[in-house]
1. Val46 - would you say it is of a type in the set (A, V, I, L, M, F, W, C) and free of Cβ contacts under 8 Å to residues at least 12 places away in the same chain?
2. What residue, of Val90, Val77, Val62, is at negative phi and part of a loop (DSSP other than H, G, I, E, B)?
Amino acid sequence: MRLERNYRTVGEGIRQVLEACANRLTFRENLQAAEIDVADTGGANVEFTVRHALGKTPRVYVWNIDRAGIVYDSRRVDWTEQEMYLKCSVANAALVLTIL
């Protein structure tokens, strides 16, 4: 459910907020987020680029990985509104990233 930016009455606005809360908003509906699939991270501890098109420089990400491993930042100072750089402690992992 997407909330409107303008309301005719305060009551209408409150009603929409309560309805949204009751229906349990998803990340995409509640936050500016991107969900990205990374099919293969490459070699262990080797930097890979994630194109996210979030429209802002990411501050946080959550990963789901298909094996035991850690995903971590690389060159964080170089992250942009379109790209970020990560590394993974194991080779050839598949990831699902939620980027905020």
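1. no
2. Values: Val77 fails: part of a loop (DSSP other than H, G, I, E, B); Val62 fails: part of a loop (DSSP other than H, G, I, E, B).
The unique qualifying residue is Val90.
None of the figures in this text is laboratory data; all of them are computed from the coordinates on show. Predicted, not measured: the structure shown is a model, and the values here were computed from it. Cβ coordinates were reconstructed from backbone atoms using ideal geometry, including for glycine residues, and neighbour counts include every protein chain displayed.
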